Amino acid sequence: MLDRRTFVTTGAAAALSMGFAPRMSFASAATTKRFVFIIQRGAADGLGTLAPVGDPAFAGARGVLAQDFADAPRLDAMFALHPNLATVSGLYKGGEALFAHAVASPYRDRSHFDGQNVLESGGAAAYRIKDGWMNRLLGVLPRDQARAIAVAATVPLALRGSIDVASYAPSALPDASDDLLARVATLYAQDEQLHAIWQQATATRALTGDMAADDGRNAAATGALAARLIAPDNGARIAMIETGGWDTHAGQRGRLGAQLKGLDAMVGALKQGLGPLWAETMVLVATEFGRTVKVNGTQGTDHGTASAAMLLGGAVKGGRVIADWPGLGEAALYEGRDLNPTLGLDAFIAGAVAEHFAIDPVRTASALFPQSGKVARVEGLVRV
Amino acid sequence: MTPTVIAWNRFGLGARPGAVAPADAKRWLIDQFDRYEARPPVIAAQATTAQAGAAFAEYRAERRAARRMATDAGPLDRSARMAMRVDGRDRYRDAIGARANAAIVSDTPFAERLVHFWANHFAVSAEKLAVVGLAGAFEFDAIRPHVLGSFGAMLGAVERHPAMLLYLDQAQSVGPGSRVGQRVAAGGKRKRGINENLAREILELHTLGVGSGYDQSDVTEFARALTGWTVAGIGGRANGDPGGFAFAPAMHEPGARTILGARYAQDGEAQADAVLAALAVHPATARHVATKLARHFVADTPPPALVTRIEQAFLESNGDLPTIYRALIDAPEAWAPMPAKFKTPWEWSISAMRGLGLREIAAQQFAGLQQQLGQPVWRPGAPAGYDDIAGRWAAPDALVRRVEAAERLVSRAPSTIDARERSQALFADSLSAATQQQLARAESAQQALALMLVSPEFLRR
């Protein structure tokens, strides 16, 4: 097996000799590496996913939302994983899951649109960059690997750019139906006619979590589909899956629990579908920003700042949580309300994909997140 | 709503992105009369009445032949029927696609709306096998060319169209005193005689309106006058291109007719024409059409003053349609700022696609969507057409279906659309603060777009 550092060295020399090569071919040998980005749209609550149960302020700030973790086994002295993430927990135990906490993109406001734009474009602020970091990743990969697919009807921003990307969506993709239905209720709140009609319509419909509305079957189907799309030799090497329903302003405990169950099923189906290729696979799970530390008046949380991200897969040097934990005490919070970011999501992603594809980390970081400046990149995320 | 937003939505089919607010909203509507295309390419590519009619006539001929030849005609008959179903269904689906695609890119959306209005006023329903393959051709050939002409000309074209003659059973109506009628009576064979269906619906639905003073003898007399109006190759002994309109003198009931107190002594085909010409300019017709137009464009319960204005324009112009439309446009009641109409499934779907900036939609997909939303195209199930009042579709289940449909439509739209900007472009100052807030709070760009499509502003016009 070739050592990653050999690749990097060779690659850097080749790049120098080529001058301003538009496409940096650092790794010329064919690779079997696969990379999947599962985006959690709606600001997934990192504190409800990977709970800092060892933080003395946790139970008090989280109230009802802390109950899910009452009996949850701890990953280490500080963190416990949501019990609905059974598959992910198994991966962690097997050394194939790594979590990063108190992580955030450069975005510091609280609009989903703008936050997702930053997360997907890889810019320092919304709308500064027109294409997406995953598309630019294709640009730094060898040509024979630069094939990507969106497991969606349309190509999300992260995959948009100068390199053509496929998209595929079956009719049974999990959608945010239930979340949308709940929002429609709010949309009609002030409209007498529509409010009455809508109340009747929803009276008989139980509003449950999205991905687990069918006990996670839809989410699992999407995971299995993604595996089918990236498993073949001539298939895509990079894929992106969009998930919605993470904006838990009310009744978070049930909703988030259901969402996580769906995510867990999706990851499980992906692993199963990839079979031996799982060993060559890295799955990134990330969201645009986190949620408030305190529970709000409707048993939910509002838009916050730092959250948690995951790296899953046989290629990941897992079994650990990376966190420079800022603490949940009042004084430690960002603007007095949110988990303070201590780790850049950009640096985390750049480090992870560079190591995974064995490409030059400095150049990768500047290609994917050109506005990040000189940020200490995260190293050692991948088994060598 | 501003005058521009009213023009775009109440009169039109919703704005497309990049639409420039007209300096004069009324002018923008009237100018469409000069730019309207009766046969845009997508519609010109569809089967004509002659083609669709010929296919149906051929099917009927095959069926007759099969029955004559075989003692057990069952299987042959069934296979011909199956082939006709498939053939007709393809034509029906393609025509729905053409209608939708013409509407989503049209820059004369008011004129397109008028086409849809008249096609529903003169409804044929594809639930009948004879109509399936002809429904599109009916609208394209009998409605579209006349939408800016006179009501009388449209009426004449509509009642002569094979889809209407077959749908309302006119094609086989035989006068008992006609040559065919006499022969049938003498032969003692299966009974054939007058069918009143078309005559009744013309009076009740197409012209005077129900309860406007005609009686059963008027219906019967009119049905006698209409005998002989048939479809070549289908209704019996008529010369002409198979599947097209034909007058069969041998089926026509001889003699003068008296309808609504007027005597019609004309011979043959001209007799029913004269009746139609009188009905087309009758005061009750003016009232009926004015009420329906006002209800369609302005309010489920239309303001009486508005109906009167349109009615006057109808009477003074002898049913000149552009004059009638101008009266509607000029009426202050039509520009009331509060939206008063809940969009029909068709209007909502088309405006959603226009709003998303789509340029093309697959026929099958669009036909399925209309079915799901409760108003399959050209299939109202009754000659009265679809009701034009919100109560029929602003119902709980229908609304949930729109939300689901919005979600699916959005998943096929470019993911680059920012609903916050798009809604401003489509509704300008007419968007409520509550809606703006919900769009801004949506979890994702796609969800915001779906919310925009089902917002109170988008559901109404």
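Condition check: part of a helix (DSSP H, G or I) and among the basic types (Lys, Arg). Does B:Arg224 satisfy that? Yes; evaluated as a whole, the condition is true for this residue. For segment B:156-176, residues that are over 23 Å from B:Phe122 (Cα atoms) and open to solvent by 30 Å² or more (accessible area, probe 1.4 Å) total 1. Hey, can you tell me all the residues within segment A:330-382 that are part of a loop (DSSP other than H, G, I, E, B), closer than 20 Å to A:Phe35 by Cα and either open to solvent by less than 30 Å² (accessible area, probe 1.4 Å) or in contact with a strand residue (DSSP E or B) (Cβ under 7 Å, 6 or more places away or on another chain) (or both)? Listed by number, the residues that qualify are A:Ala358, A:Ile359, A:Asp360, A:Phe369, A:Val378, A:Gly380, A:Leu381.
Within segment A:124-166, the set of residues being within 14 Å of another protein chain (Cβ to nearest Cβ) and among the hydroxyl-bearing types (Ser, Thr, Tyr) comprises A:Tyr127, A:Thr154.
Within segment B:336-358, being under 20 Å from the mean Cα position of the chain (by Cα) and in a loop (DSSP other than H, G, I, E, B) holds for B:Lys341, B:Lys343, B:Thr344. Taking the condition under 30 Å from B:Lys128 (Cβ atoms), in contact with a Gly (Cβ under 6 Å, 6 or more places away or on another chain) and of a type in the set (Phe, Trp, Tyr), does B:Trp378 pass? Here the answer is no, as B:Trp378 does not meet what is asked.
For the structure I just gave you, tell me whether B:Glu37 is in contact (Cβ under 8 Å) with a residue 24 or more places away in the chain, within 30 Å of B:Phe427 (Cβ to Cβ) and open to solvent by 50 Å² or more (accessible area, probe 1.4 Å). When the stated conditions are applied, B:Glu37 passes them.
For beta carbons closer than 7 Å, sequence separation of 6+ or different chains, a first residue in segment B:368-382 that is on the phi < 0 side of the Ramachandran plot and a second that is open to solvent by 30 Å² or more (accessible area, probe 1.4 Å), the qualifying pairs are B:Gln372/B:Arg401; B:Leu373/B:Arg401; B:Gln375/B:Tyr386; B:Arg379/B:Glu127; B:Pro380/B:Tyr386.
Search segment B:384-411 for residues being within 12 Å of chain A (Cβ to nearest Cβ) and basic (Lys, Arg), and hand back the single one that is nearest to B:Pro302 (Cα to Cα). That would be B:Arg402.
Scanning segment B:209-233 for residues that are among the aliphatic types (A, V, I, L, M) and open to solvent by less than 10 Å² (accessible area, probe 1.4 Å), which turns out farthest from B:Ala171 (Cα to Cα)? The residue in question is B:Val219.
Checking the stated criteria, A:Asp264 turns out to be open to solvent by less than 20 Å² (accessible area, probe 1.4 Å), more than 21 Å from A:Ala158 (Cβ to Cβ) and not small (Gly, Ala, Ser). Just one of the listed residues (B:Ile234, B:Ile194, B:Ile143) is more than 22 Å from B:Ala270 (Cβ to Cβ) and touching a Lys or Arg at 6+ places or on another chain (Cβ under 7 Å), and it is B:Ile234.
Restricting attention to segment B:162-208, the residues that are part of a loop (DSSP other than H, G, I, E, B) and of a type outside the set (Ser, Thr, Tyr) total 19.
Yes or no, residue by residue, for (1) among the small types (Gly, Ala, Ser); (2) not in a helix (DSSP H, G or I):
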residue: A:Ala219; (1), (2): yes, no
residue: A:Gly223; (1), (2): yes, no
residue: A:Gly235; (1), (2): yes, yes
residue: A:Glu242; (1), (2): no, yes
residue: A:Trp246; (1), (2): no, yes
residue: A:Gln272; (1), (2): no, no
residue: A:Val285; (1), (2): no, yes
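Being within 14 Å of the chain's Cα centre (by Cα), more than 14 Å from chain B (Cβ to nearest Cβ) and buried (at least 21 other Cβ atoms within 10 Å of the Cβ) is a property that A:Phe79 lacks. Can you pull out every residue in segment B:120-131 that is modelled with pLDDT of 95 or more and open to solvent by 10 Å² or more (accessible area, probe 1.4 Å)? Of everything in segment B:120-131, just one residue is modelled with pLDDT of 95 or more and open to solvent by 10 Å² or more (accessible area, probe 1.4 Å), namely B:Asn120.
Of all the residues in segment B:418-444, those that are part of a loop (DSSP other than H, G, I, E, B) and facing another protein chain (nearest Cβ under 10 Å) number 5.
So is B:Asn197 touching a residue at least 24 places away in the same chain (Cβ under 8 Å), surrounded by fewer than 19 Cβ atoms within 10 Å (Cβ to Cβ) and not basic (Lys, Arg) or not? Answer is yes for this residue.
The residue that is nearest to the chain's Cα centre (by Cα), among those in segment B:389-402 that are touching a residue at least 12 places away in the same chain (Cβ under 8 Å) and not in a helix (DSSP H, G or I), is B:Ile389.
Results for (1) more than 8 Å from every other protein chain (Cβ to nearest Cβ); (2) open to solvent by 40 Å² or more (accessible area, probe 1.4 Å); (3) at pLDDT below 90, shown as yes or no for each residue.
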| site | (1), (2), (3) |
| --- | --- |
| A:Tyr168 | yes, yes, yes |
| A:Leu180 | no, no, yes |
| A:Glu192 | yes, yes, no |
| A:Trp198 | no, no, yes |
| A:Gly223 | yes, no, no |
| A:Gly245 | no, no, yes |
| A:Gly257 | yes, no, no |
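Of the set (1) surrounded by fewer than 19 Cβ atoms within 10 Å (Cβ to Cβ); (2) within 14 Å of another protein chain (Cβ to nearest Cβ), all apply to A:Leu119 but (1).
Here is the figure for segment B:105-136: residues that are among the aromatic types (Phe, Trp, Tyr) and closer than 21 Å to B:Ala25 by Cβ total 2.
In the set A:Asp68, A:Asp45, only one residue is more than 14 Å from chain B (Cβ to nearest Cβ) and either under 30 Å from B:Gln447 (Cα atoms) or touching a Leu at 6+ places or on another chain (Cβ under 7 Å) (or both); that residue is A:Asp68.
Within segment B:359-388, being β-branched (Val, Ile, Thr) and either in a helix (DSSP H, G or I) or touching a Phe, Trp or Tyr at 6+ places or on another chain (Cβ under 9 Å) (or both) holds for one residue alone: B:Val377. In segment B:420-461, what residues are open to solvent by 40 Å² or more (accessible area, probe 1.4 Å), among the small types (Gly, Ala, Ser) and in contact with an Asp or Glu (Cβ under 9 Å, 6 or more places away or on another chain)? Of everything in segment B:420-461, just one residue is open to solvent by 40 Å² or more (accessible area, probe 1.4 Å), among the small types (Gly, Ala, Ser) and in contact with an Asp or Glu (Cβ under 9 Å, 6 or more places away or on another chain), namely B:Ser432. When we screen A:Gly290, A:Gly318 for residues that are buried (at least 19 other Cβ atoms within 10 Å of the Cβ), more than 26 Å from A:Val155 (Cα to Cα), modelled with pLDDT of 95 or more and small (Gly, Ala, Ser), the only hit is A:Gly318.
The values are calculated or read from the model by the stated rules, or taken from the named source; none is laboratory data. These figures come from a predicted structure and were not determined experimentally. In this analysis, Cβ positions are derived from the backbone assuming ideal geometry, glycine residues included, and neighbour counts consider all displayed protein chains. To get the accessible areas, we keep the full protein, side chains included, count just its heavy atoms, and leave off ligands, DNA and RNA. Shrake-Rupley method; radii C 1.70, N 1.55, O 1.52, S 1.80 Å.
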